[in-house]
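The values are calculated or read from the model by the stated rules, or taken from the named source; none is laboratory data. This one's a predicted model, so the numbers in the text were calculated from it and none came from an experiment. Every residue, glycine as well, gets a Cβ built from its backbone with ideal geometry; the counts of neighbours run over all protein chains shown. For accessibility, only protein heavy atoms count, side chains too; no ligands or nucleic acids. Shrake-Rupley method; radii C 1.70, N 1.55, O 1.52, S 1.80 Å.
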Amino acid sequence: MSQTPVDMPDDPAALKAMIAVLQAENAKMSATLRAHDLLVQSLRTRIAKLQKQTFGASSEKIEREIEQLELALEDLRVATAEADDTPPEEDEALDEGPVPAEEAEASPEKTRRRRPRVSGDTPRERRELDPGDACPDCGGDLRVVGEDVSELLDMIAAQIKVIEIARVKKSCRRCERMVQEPAPSRPIPRSMAGPSLLAFILVSKFDDHVPLYRLSEIFARMGADIPDTTMVDWCGGAMKTLTPLIERIETDVMASDLLHADDTPIRVLDRSRKDKGLGKGVKQGRIWAYVRDQRPWSGTAPPGVVYCFSPDRKGEHPRGHLADSAGILQADAYAGFKDLYEKRADGTQQFREAACWAHLRRDFHDVWAANKSEIAREALDRIGKLYDIEREIAGQPAETRLAARKKHSADKVAAFKAWAEQQLTHIPGKSDLAKAFRYALNRWTSFTLYLTDGRIAIDNNPAERAMRPIGVGRKNWLFAGSDTGGETLARAMTLIETAKMNDLDPQAYLADVLDRIHDHKINRLDELLPWNWTPTTEATRENAAA
């Protein structure tokens, strides 16, 4: 590929030409290597996502692997784009349709990028470039024959503004009475924080999981010095203002007769152990999630989620959370739920247990990943066929789902039980594979409950999805400052995540609610719940004032 020293010419011009050729070859090889690296990383990411779909929709190990792969892939793409000397394609020239399958398979790294999209409410600014009225060549009059329009996507930088509220005083010339408009209510009494600013802080802290000291740095770039200690007081005041709404969400969601439940650990700073050093002065608390989501079976109740904090994982906490609830509870096999399923003296029970097939599927996947067990592989295939049926009936009414399950799923579930019992006679009793089979067979009534009620899901994924924001937050704030901090986090996420489940922008929602809540009639407060809320326009605000 390269020349040896004995073949080097003596002519400087020839040497320069040779160097230019070698530099071109080197650049080409570097580009090829970058393309190959991008292809390998893209394929690894795709494989990880397929594994997630096939073997466990919420496997934390696979989730972490995908996150790491996507970060590496993003860096590779940026580096490749930076080194690419070819002019980029015009956005306006891109096709709106999907990439042909053969093209995507042949070169995934060349997959055509999707054109950016904006909502219909996005502000637009027209900049018209007019050549004038006279021809630059002959001076004749110009007439309009059309125009070429292209679009440039730009951003209005966030900025802090000061709103001066001037209450003009007037006196009556006849009776000398002083007249003045009353001071408007504020989200936090006697605080200078406006509703939009508070909404931004709350969403940044509890949804984007940005610590307050970082927010203070962001505000400093906007020209405002807002100490994080001040924002702590603002967050507390805003949460106090929003408490009536949060309590109404909790009451409404927990009254459902079909709930999904899950929990996840959260590190909490333990003041009693502060002398133990960094990382040791903490204890492990829990965040619990209780989800109502009737969208998969076209139910009428709006979706919502209630988060609760507890300083440990004792069963008394979920029993207390669910003390006024009853019906069907879909959760994992946590022992703390056991008393909720026990039959009372009169033969009734507070909850019927619905088990999670995704949890069982992950147990078999762990065995298959460890030793490539053919039995585990067959178990995954059998469970996968049940999920194929569920995908076909997603979003359909409960009666339709139940009929489809009786027709297509019931026999497959019964066959799985018979096959599982048979396998237990051939495998070691203490093996992980045997434990997975016994986990299913010992809770068979719970695993088959979804075949008797079209409202019940095949798995507990709604609750597990509700846990993902906590996982994201743990990577940013590492631990909660106290038990009360954990409780505040849970209540804030109840409001924010419920708003998101109802397809609302949580920042716009909170800004409007914080602006209105003090002046809203207490007997009509339900109008501000996420599933009832409509934004206030200037016209409706003026009518309300009148």
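In order along the range 330-336, the Karplus-derived 3J(HN,Hα) couplings, from 6.51 cos²θ - 1.76 cosθ + 1.60 at θ = phi - 60°, round to 9, 7, 7, 8, 5, 4, x Hz, and Gly and Pro are given as x. Over 24 Å, how big is the tail of the calculated P(r) for the range 307-449, in percent of all Cα pairs? The calculated P(r) of the range 307-449 puts 44 percent of pairs beyond 24 Å.
Near the amide H of residue 349, within less than 5 Å, lie the amide hydrogens of 344, all on another chain or at least 5 residues away, with H placed in the peptide plane.
Computed over neighbours whose Cβ is under 14 Å from that of residue 291, the net charge equals -4, Lys and Arg +1, Asp and Glu -1.
Shown is the FRET efficiency for residue 229 and residue 339, computed with R0 = 56 Å from the Cβ-Cβ distance and rounded to the nearest 0.05: 0.80. Annotation for the range 310-354: chymotrypsin sites (Phe, Trp or Tyr not before Pro) lying in DSSP loop with at most 13 further Cβ atoms inside 10 Å of their Cβ are 334. Couplings for the range 173-178, taken from phi via the Karplus curve 6.51 cos²θ - 1.76 cosθ + 1.60 with θ = phi - 60°, read 5, 8, 10, 6, 5, 8 Hz in order; Gly and Pro are left as x. Near residue 258, the amide H atoms lying under 5 Å from its own belong to 328; only residues 5 or more places off or on other chains count, and H is placed 1.01 Å from N. Whole-Hz Karplus values for the range 376-393 come out as 4, 4, 5, 4, 4, 5, 5, 5, x, 5, 5, 5, 4, 5, 5, 5, 6, 10 Hz, taken residue by residue from phi with 6.51 cos²θ - 1.76 cosθ + 1.60 and θ = phi - 60°; glycine and proline positions read x.
Between the amide H of residue 282 and those of 270, distances stay under 5 Å, these residues lying 5 or more places away or on another chain, with hydrogens modeled in the peptide plane.
Highest mean packing comes first when the peptides 522-528, 320-326 are listed by Cβ atoms within 10 Å, giving 320-326, 522-528. Using a probe radius of 1.4 angstrom, the carbon and sulfur fraction of the accessible surface of the range 358-491 is 53%.
Pairs exceeding a 21 Å alpha-carbon distance, out of 343/407; 314/430; 338/435: 343/407; 314/430.
Residue ranges 255-266, 165-176 sort as 255-266, 165-176 when ordered by packing (mean number of other C-beta atoms within 10 Å per residue, highest first).
Computed from label points 7 Å out along Cα-Cβ, the spacing between residue 122 and residue 147 is 1.9 nm.
Relative to the 2.2 N^0.38 Å rule of thumb, the range 396-512 has a C-alpha radius of gyration ratio of 1.56.
Peptides 215-222, 21-28, 490-497 ranked from most to least packed, by the mean per-residue count of other Cβ atoms within 10 Å: 490-497, 215-222, 21-28.
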